Amino acid sequence: MLKTIEQDAESRMGKSIEALRSELSKLRTGRANTVILEHLRVEYYGTPTPIDQVATVSVMDARTLSVSPWEKSMIPVLEKAIMESDLGLNPVTSGETIRIPVPALTEERRKEMSKLVRAEGENAKIAIRNIRRDANNHMREFLKEKEITEDEEKHGHDRVQGITDSFVKKIDELVAAKEQEIMEV
């Protein structure tokens, strides 16, 4: 019974870590990375469609992305979507390929991005603590229903706290690594 609660909490905390990784991967670090365009959508036959479903997105070099649409008619639509995004990118069309130079981040922008990373990390920690609270509440309910003893509840709380501490440490490591990546010139 307690094992089930602990395993559920651990799996949910793991999902929170994956969600954090996903959010952090979307943040621009000054190097070209195809992930920064993943959230963009373009109109494709009247349907908002992710860019990677209408074009091939690749990294040309450390500071340039390449977008090759599968249909030539999509070039202006893709250009417009990239320009109107909040990424601060200016696409350049050459033939059937759109090149996107990724500008280096200014010091001020690096500091802003660093704050965003810390905020994402804090949101993940809040999610982890909420999962811990839920697990502890389940254990208290089992204690009230006399399905477990007070000692079992205490040990369960301790194990859930240990799991929580390990996931909070992982979050701190991810945030520190992303901040270092952003502050790299």
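Rule-based calculations on the coordinates, nothing more; no lab input. This one's a predicted model, so the numbers in the text were calculated from it and none came from an experiment. Glycine also receives a Cβ, built like all others from the backbone with ideal geometry; neighbour counts cover every protein chain displayed.
Quick notes on this structure:
- If the Kirkwood radius is taken over C-alpha pairs of region 34-101, then at 25 °C and 0.890 mPa s the Stokes-Einstein diffusion coefficient equals 209 µm²/s.
- Value of Rg/Rh across region 119-185 [Cα atoms, Kirkwood radius]: 1.21
- Cross-link partners for Lys178 among the lysines, with Cα-Cα distance under 22 Å and sequence neighbours closer than 8 places in the same chain left out: Lys15, Lys26, Lys111, Lys115, Lys125, Lys169, Lys170.
- As a length-normalised measure over Cα pairs under 8 Å and 6 or more apart, the relative contact order of region 1-120 settles at 21 percent.
- Computed about the Cα centre, the dipole magnitude for region 31-185 is approximately 240 debye when only Lys and Arg (+1) and Asp and Glu (-1) carry charge, each at its Cβ.
- Net charge contributed by nearby residues that have their C-beta within less than 12 Å of Gly162 (K/R +1, D/E -1): -1
- Structure-based [θ]222 nm, the chain - -39500 (n - 2.57) summed over DSSP H runs of at least 4, per residue, nearest 500: -20500 deg cm²/dmol
- Protection proxy ranking, highest mean first, for peptides 15-25, 140-150: 15-25, 140-150, where packing is the per-residue count of other beta-carbon atoms within 10 Å, averaged.
- For the chain, the Kirkwood estimate of hydrodynamic radius, built from reciprocal distances between every pair of different alpha carbons, is 19.3 Å.
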